[in-house]
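Read the structure below first, then the notes.
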């Protein structure tokens, strides 16, 4: 009996959580199921963007470096009002820069086309360019307020 009551209590608590809010820098576009079925390209482009983003993040990995000269900053993605979607520190010691830049450029072009084709708008806030530091043998992007 106690187990059943515990299970019911957990289910009620989970139901009270409400929908998860997207991060401020995430783009939002509401699509209906009919829209998605009618336009499989919309699903394909979203999936391709997510796949490219994951490839970029996987390639950068932990960004291990021996000195600060091996650390670089990548501008990834495109915000609808201009500028990168986010910045990412990487290490030239662990990444082939040409291959990484190719992935970043492919992601950028696909994201610009997606935003244009689907009338994506943004909040137009400015994301300050962070500095790159070497912390504990890793390249890290640090915002101006954290310096």
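Every number in this text was worked out from the coordinates using simple rules, so none of it is lab data. Bear in mind that the values here come from a model prediction, so they are computed numbers and not experimental data. As a convention, Cβ positions derive from the backbone with ideal geometry for all residues, glycine included, and neighbour counts pool all protein chains shown.
Remarks
- Normalised by the number of residues in segment 32-146, the mean separation of alpha-carbon contacts (under 8 Å, six or more apart) gives a relative contact order of 30 percent.
- Added length on full extension, which subtracts the Cα-Cα distance from 0.36 nm per residue, residue 119 to residue 135: 1.7 nm
- Cα gyration tensor category, rounded, prolate or oblate, for segment 64-126 with a/c compared to 1.5: oblate
- With a Förster radius of 30 Å applied to the C-beta separation of residue 97 and residue 51, the computed FRET efficiency comes to 0.90.
- Extension gain (nm, one decimal) between residue 66 and residue 144, 0.36 nm per residue minus Cα-Cα: 25.8 nm
- Over segment 32-146, volume per residue of the alpha carbon convex hull, in Å³: 114 Å³
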